[in-house]
Structure formats: C-alpha cells, structure tokens
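Chemist: Right, I'll just put the structure down here and ask away after.
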Amino acid sequence: MKRILNFIDGEFRPPCSGRYLPDVEPATGQVIAEIAESGPDDVDAAVAAASRAFESWRRTPAEERSRLLIRVAELLDENFDELARLESEDSGKPIALARRLDVPRAVRNFRFFATAILHAETPCHMTDDRALNYTIRQPLGVAGLISPWNLPLYLLTWKIAPAIAAGNCCVAKPSELTPLTADRLAALTREAGIPPGVVNIVHGPGGSAGRALTSHPKVPLISFTGGTKTGADVMAQAGPLFKKVSLELGGKNPNIVFADADLDQAVATSIQSSFANQGEICLCGSRLFVEKTIYDEFLERFLEGTKKLRIGDPLDDSTDVGALVSEAHRRKVEGYVALAKEEGGRVLVGGKRPGSLPERVRDGYFLEPTVISGLDCRRRVMQEEIFGPVVTVTPFDSPEEAIDYANGTRYGLSASVWTQDLQKAHRVAAAIESGTVWVNTWLLRDLRVPFGGMKESGVGREGGFESLDFFTEAKNVCVRL
Ligand code: TXE
C-alpha cells in the first residue's frame, strides 16, 4: 500500500506519531493509500525548516525565483495525465474535469505568479518638496496554507505559487481526504530545483495538523480555503496572535435568469454551474432563480439536460458526474434532500443514489443530480451550503425581487446573471452582495482579478497582485529632503 509521507526540508519523512490514516477512493470505497497522521511535532519541524530556508530564499533574485516556478509549471504540464488520474481517483471527480480544469489551472497558477513578480511595482509619493516616500514590499516568513478536497491541486497551487513567488517559505496542509496530488507536487518542486525548506507539506487531520499551523507563533500568515465553520476556528486561533489571514469560505450562490436571456446558453451553462464536480465547487450556482414568464420553458429544458448527464466511473472519459468525496459527505447531502421534502419542497429529478453503475464503482458515493422546487427562500435548504449536486429553482417577478432573493443569505461568494439587457446586467451586478458576479457566463476566471467573498463567504481577496500584496508586508520609507 502506498504511503503518503510528509515533505519537510526537501525530504519525505514519516509522521512523528508513526500513525497513518486511510485514503479512500470515493468512487469505489476502497483504501488506495495511507496518509501520514501528523500533529504539532511535524508542523514544528516543517516550520523550523521553512524558517531556516527563508533567510536565503528571501534574498534569491526575483528572476531566479521566477525561473524555478516556471520549471514547476513545466513539470506539472509534463506529468499532466498522471496528475489528472490521481486527482480523479482521490476526489471522485470526472477525469475529464480534472483535465479541463484542475491540472491546467495548477500549471497556470505557477506560470502566472512566476511572471507576476517580474512586473510588480511599488508606489512613490512626494510630500511637496519636503520628503520622498517610497513603499517596499517584503515577504513575511513562513506562510501557513490550508486547502480543501474539492479542487485539491488547483487550490493548493493557488496558495503555494504566490506565497513562494513573493519570497516566503511555506508549510502547506492539504485536505486529508485528497493528499495524492499534493504528494506529487512536493516531488516536482524538488525536481524543479526549489531549495529544501521552501515548500513543506504536512499531511493529516485539520484538528491536529491544521490547528497546529493556525496557532503556531512562528507562522505570521494563514491562507485558508474551506468551510465557513472551519474558517471561524481558523480566525479564532489566528486572531489572538495577530496573524495576517485570508479566508475563502463557502457559498450559496444565486444564478438569476431573466426572460430576455439567451436561453440556449443560460440552460447549458446553468447545468454546468449546478452540477460540475458534483456541485462540490464553492462557486456553483446552487440557487437558481428564473423570471416567471419563462419559468416553465426554462425548467423543462433544464430538467431535460440534467437527466442527460452521465453518472459513472470518474476514470471514464465520458463521465459527467462522479462520486461525492466521502460517505459522510454523501450522507450530509442526502440529509438536505430529505430536509427539503420536510420543508415542503418537490424533488423534480434525482434525489437518490443511481440505480445502475459500472461494476468497478458499484460501492462508490454517488448521488443523482437533484433539482428541487417549491421551497420558501428562508428555508434551511435555501440558506445553508449543501456542497453537492443539489439545486433549488424559484420563480421571480422583477429584478428587485431577484436581488432580494439573491442577497437573502449569509453568504456572498459569487453570482451569475443572465440577460441581454446591458443596463439591467450592470444594475443587478452592482446590487448583488458577492465577491464575483458573472454576466452571461460562469467560472470564467482571469487570474488578475480580485477573488474572494463578502459576508460569511470570506475575508480578504486573492488573485493577481492582490495575492502578492497578501503575501508581503508594505513598508513605507520616508526620506526628508
Ligand atoms: O471542510 P473543512 P470539510 C464546505 C462544504 C463542506 C463543508 C465541510 O460545505 O460540506 O465545508 O467540509 C482543514 N484548523 N467546504 O469539513 O473542514 C482540513 O483538514 C485548521 C467549502 O471537509 O473546512 C482541510 O485541509 N484547519 C469549501 C481544510 O481545513 C482545519 C471547500 C478544509 O476542510 C481545521 C471544502 C481546523 N480546526 C468544504 N479543521 C470551499 N470554500 O471551496 C479542518 N481543517
């Protein structure tokens, strides 16, 4: 059985506890690897290695850091097929999606920040003829990076690349449910020539390894992506130590379709935004609002398209919907389907485990794409993040009502608006409380734009130079003239 070890100071090391956790393949329920069950001692060792490496890494010229990061991107690209397979096996996502989204984006993350640091600028201010102020940006030291299981390589590289590009060293704690691509990434950073201690990866449970990082006094930066409840704990640990914290948390994103939308595009993309990665993307549009005059027509086409999605072995190229990440998570999602019925909702399609599956994945954690109507917007199913292949549909009368519905949750991560009316698009986009609003599209990402959530969807922005700002501290030098 393959053992996933920690990666500390450029070498793979067993955990201090000597214990391992099972890594389960969601599509089969089989254990495919054992993963280091790390705790505070392992995190201490990783932080010590990162602190040592920081002294020379911070002084490594930007051009050299850039060259090394580009080499990591090239190696990710050279190992594309293997990474896509590992990502699919470990998380249950369709391999086609890993090829289309996860791996290419991991490559782009490294390339993007490798080149961004060559173009970063800092401001200079003249105070009349009395003083010259200039700002320098310096790395902070050891960055603690905690990432989830839904886009394991994509989100881990979205943190590691800017952290080390900016001159920090890092200790990353990937989700214990999906350690395989992080393990490959560790080896590839070494192969690329990134010096020992710059990238350290500690595996294990959030409550021990993750918390040891968020409460570590020598880790001044925490970048976390995960659930809102966990985010509150991260903040509670990091707050008293005055760490710089960025939190990317959950969402309950509205997808608003107006009567004047291009229906072909709106239907096709809404199926994607509802069910891509089994609904396990924080940006999925899990609340669909459709203008009353086209509600019936839209719904008919949306349901028809949903029924055509192919559920099956994630490793099969033609699969659209794979397995949920774990048995516990499937139970949670099924619990929400049951709750929807209690709350007066109607399950229009899906809601159950698929009847027939290929032999290899018969025991996997699958659930049919599910569409629910008839719920009051204040009901729990329309308020809480489900993070599965479950979408609610609700008719609305006017733009004002759609905006009220959209803003009626404690989340504010992203939204989509479908309309051909330019003025309405801009007006509604400005009124929606969320970090990103897509107009006539979904999940189109320019890595230069700020990314993050409002309300309980997060704190801080990452993306482009904002990430480099997060991973550095601005210092003002004031020179009297
Ligand atoms: O994520 P956790 P879970 C949402 C989604 C999901 C729910 C719970 O609704 O159903 O969160 O998922 C580490 N200190 N999202 O429990 O716990 C953990 O080991 C420090 C949305 O699986 O948030 C993992 O590496 N770290 C989301 C990471 O935090 C801790 C993606 C995320 O796991 C910790 C995932 C602690 N106390 C879930 N406890 C998104 N925004 O994309 C856990 N961790």
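Read-outs throughout are calculated quantities, based only on the coordinates presented, and are distinct from any laboratory measurement. The shown structure was predicted, so the numbers you read here are calculated from the model rather than taken from an experiment. Every residue, glycine as well, gets a Cβ built from its backbone with ideal geometry; the counts of neighbours run over all protein chains shown.
Chemist: Taking other Cβ within 10 Å of each residue's Cβ, how do LYS308, LYS93 sort, fewest first?
Modeler: Working: LYS308 10, LYS93 32.
Fewest to most other Cβ atoms nearby, the residues stand as LYS308, LYS93.
Chemist: Another one. So what are the ³J(HN,Hα) numbers for the range 156-165, from phi and the Karplus equation (6.51, -1.76, 1.60; θ = phi - 60°), rounded to whole Hz, Gly and Pro as x?
Modeler: 5, 6, 5, 9, 5, 4, x, 4, 7, 4
Chemist: Would the chain count as rounded, prolate or oblate if I go by the C-alpha gyration tensor, calling it rounded below 1.5 in a/c and otherwise prolate when a/b exceeds b/c, oblate otherwise?
Modeler: Oblate, because a/c is 1.5 or more while a/b does not exceed b/c.
Chemist: From the square roots a ≥ b ≥ c of the eigenvalues of the alpha-carbon gyration tensor of the range 1-118, which class results: rounded (a/c under 1.5), prolate (a/b over b/c), or oblate?
Modeler: It comes out oblate by the Cα gyration axes.
Chemist: So, one more: As I understand it, the dipole of the range 363-481 uses +1 on the Cβ of Lys and Arg and -1 on the Cβ of Asp and Glu, about the Cα centre. Which of ALA425, ILE372, PHE451 lies farthest toward its positive end?
Modeler: Of the candidates, PHE451 comes out farthest on the positive side.
Chemist: Still on this model: Which of the lysines could a cross-linker bridge to LYS424, judged by Cα under 27 Å and excluding same-chain residues fewer than eight apart?
Modeler: Straight-line reach from LYS424, under 27 Å: LYS252, LYS292, LYS455.
Chemist: Okay, helix-only estimate at 222 nm for the chain: each DSSP H run of n ≥ 4 adds -39500 (n - 2.57), divide by all residues, round to 500 deg cm²/dmol; what do you get?
Modeler: About -11500 deg cm²/dmol.
Chemist: Of all DSSP beta bridges located in the chain, what percent are antiparallel, nearest 5? Walk me through the intermediate numbers first.
Modeler: On the way: 31 of 72 bridges.
Within the chain, antiparallel bridges account for around 45 percent of the total.
Chemist: On to the next question. Taking H placed 1.01 Å from N in the peptide plane, check which residues at least 5 places from SER175 or on another chain put their amide H under 5 Å from its amide H.
Modeler: HN-HN under 5 Å from SER175: SER147.
Chemist: Taking the Cβ-Cβ separation of LYS244 and ASP376 as r and a Förster radius of 60 Å, what is the calculated FRET efficiency to the nearest 0.05?
Modeler: That pair, LYS244 with ASP376, gives E of 0.90.
Chemist: Can you give me the long-range amide H partners of PHE396? Hydrogens built in the peptide plane at 1.01 Å from N, cutoff under 5 Å, separation of 5 or more residues or another chain.
Modeler: Those qualifying (amide H under 5 Å, at least 5 residues apart or on another chain) are VAL290, GLU291, LYS292.
Chemist: Next question, about the same structure. Using only the alpha carbons of the range 341-481, what is the convex hull's orientation-averaged projected area in square nanometres? Write out the running numbers ahead of the final one.
Modeler: Values: hull surface 58.0 nm².
For the range 341-481, the mean projected area of the Cα convex hull comes to 14.5 nm².
Chemist: How big is the charge dipole of the range 176-259 about its Cα centre, in debye rounded to the nearest 20, if each Lys and Arg gets +1 on its Cβ and each Asp and Glu gets -1 on its Cβ?
Modeler: Roughly 200 debye, rounded to the nearest 20.
Chemist: First check a/c for the range 183-223, with a ≥ b ≥ c the square roots of the eigenvalues of its C-alpha gyration tensor; if it is under 1.5, answer rounded, and if not, answer prolate when a/b is larger than b/c or oblate otherwise. Write out the running numbers ahead of the final one.
Modeler: Values: a/c = 3.46, a/b = 1.74, b/c = 1.99.
Here the range 183-223 falls in the oblate category.
Chemist: Still on this structure, I have one more. What percentages, rounded to whole numbers, describe P(r) for the range 192-337 computed over all alpha carbon pairs with 10 Å bin width beginning at zero?
Modeler: Percent of pairs per bin, in order: 9, 27, 26, 22, 13, 3, 0.
Chemist: So for the range 292-416: antiparallel DSSP bridges make up what percent, rounded to the nearest 5?
Modeler: Counting only bridges with both partners in the range 292-416, antiparallel ones make up about 40 percent.
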